1. Considering only region 255-280, how many residues are touching a strand residue (DSSP E or B) at 6+ places or on another chain (Cβ under 7 Å), open to solvent by 70 Å² or more (accessible area, probe 1.4 Å) and either more than 23 Å from Thr153 (Cα to Cα) or part of a loop (DSSP other than H, G, I, E, B) (or both)?
2. Suppose we filter region 97-138 for residues that are of a type in the set (S, T, N, Q) and open to solvent by less than 10 Å² (accessible area, probe 1.4 Å); how many remain?
3. Any residue in region 228-244 that is closer than 22 Å to His198 by Cβ sitting within a Cβ distance under 8 Å of a residue that is modelled with pLDDT under 90 and open to solvent by less than 30 Å² (accessible area, probe 1.4 Å)? List the pairs, counting only those 6 or more apart or interchain.
4. For region 202-241, enumerate the residues that are crowded, with 21+ Cβ neighbours inside 10 Å, among the aliphatic types (A, V, I, L, M), touching a helix residue (DSSP H, G or I) at 6+ places or on another chain (Cβ under 9 Å) and within 23 Å of Val144 (Cα to Cα).
5. Mind telling me which of the residues Ala303, Ala309, Ala283, Ala252 ends up being surrounded by 13 or more Cβ atoms within 10 Å (Cβ to Cβ), out of contact with any strand residue (DSSP E or B) (no Cβ under 7 Å at 6 or more places or on another chain) and not basic (Lys, Arg)?
6. When Leu42 is evaluated against the numbered criteria (1) touching a Ser or Thr at 6+ places or on another chain (Cβ under 7 Å); (2) modelled with pLDDT under 85; (3) not in a loop (DSSP other than H, G, I, E, B), which criterion, by number, is the only one it fails?
7. Among the numbered criteria (1) under 23 Å from Lys284 (Cβ atoms); (2) open to solvent by 10 Å² or more (accessible area, probe 1.4 Å); (3) in contact (Cβ under 8 Å) with a residue 60 or more places away in the chain, which single criterion is violated by Ala141?
8. Looking at (1) modelled with pLDDT of 80 or more; (2) polar (S, T, N, Q); (3) open to solvent by 80 Å² or more (accessible area, probe 1.4 Å), which one does Thr23 not meet, given that it meets all the others?
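The values are calculated or read from the model by the stated rules, or taken from the named source; none is laboratory data. Quick caveat, the model's predicted, so the values are computed rather than measured. We place every Cβ from the backbone using ideal geometry, glycine too, and count neighbours over all the protein chains shown. When the accessible area is computed, the model is the full protein with side chains, heavy atoms only, and any ligands, DNA or RNA have been set aside. Shrake-Rupley method; radii C 1.70, N 1.55, O 1.52, S 1.80 Å.
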Amino acid sequence: MEFKQKALAAEDVAHMLDVSKNTVYSLAKTGKLSSYKIGRKLRFTLEDVQAYIAGSKQGSAIFRTGSAASDSGSLATWVPPVSGIGKRIPRTAADAFLLGGADAMVDGLATCLAESGAYVLRSYQNSYQALVDLYFGYLDAAAVSLWDSSSETCNLPYIKRLLPGMPVKVFQMACYTQGLLVQRGNPLGLRSWADLIHSGAVLANRERGAAARVLLDERLRIMEADPKTIPGYEREVSSALVQGSLIARKDADVGVGTEKVYHQVRGLDYLPLQAEQLVLVVAKKPSTERIAKTVQRCLKSDAYKQGLASMVGYDFRLLGECIYET
């Protein structure tokens, strides 16, 4: 059993992207979001939606959010190709600070840095890929959240393994939980990691390297379970909102995700199972020595904290503290 292959209506896509139906129609009309017609009705595929999300993250236009960036600072988007390992990728500016990671907290940090006068290039990739890109020099800093089953801790085991010999500073960003996202009312009565194996529930799985996917795979390894026996395991979605929407519209039964998704997508329930930690790993080198201090000031600033006030499911204690350094 796999995901039910239903055509998506504009309302479904609007729900997934958290936009209005009119916005969806506009995106389709301009060709930014692929679509097709059945009679007079406009329809979309899940692949269309995921391709649009990926394309939106990979735009290269300069943008600003919140208050305007200072005259001397600017904020841009830059994404290294996933296949870029071992290749030299030119920087847009010699003094650019390349900031990677997918969490919304990183967007706020990028804006704060830009308003402080830094030239920031924002790159979007999951936690594992961000660490790899940091090691190969495609990033100067990476926000990561990766749980390690052997030590039952987050992040440091991966930082030590994936960044061998690399001097870094690690700043605390937030603590949060991962758990099971299920349909409203939890009709299958899912309560634990083991229920993913024995219930026959169809999984909406995240892509390799995402925090939720790493956690799931580590938990399955502990239980000595064959992932391929879980319906839907081999079908990946690259967005937490798409994952939640698939479950809410009953195209899947369960997914591993955060409380934030539960609040963003109607029709879900959430069962917290695992505490995790989001950190920012900054490479220590001459080009980042000065901005690393600015990064810590931004993380601790009242303006940044105020911008985080509306984010649910996060614990911001120790925000900005240096918790590890080599």
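1. 1
2. Let us first name the residues in region 97-138 that are of a type in the set (S, T, N, Q), namely 111, 116, 123, 125-127, 129.
Next, from what is left, pick out any that are open to solvent by less than 10 Å² (accessible area, probe 1.4 Å): 123.
Result for region 97-138: 1.
3. From region 228-244, the pairs are Gly232/Phe3; Arg235/Phe3.
4. Selection gives Ala204, Ala210, Ala211, Ala212, Val214, Leu216, Val237, Ala240.
5. Ala303
6. Going through (1) touching a Ser or Thr at 6+ places or on another chain (Cβ under 7 Å); (2) modelled with pLDDT under 85; (3) not in a loop (DSSP other than H, G, I, E, B) one by one, Leu42 breaks only (2).
7. (2)
8. (3)
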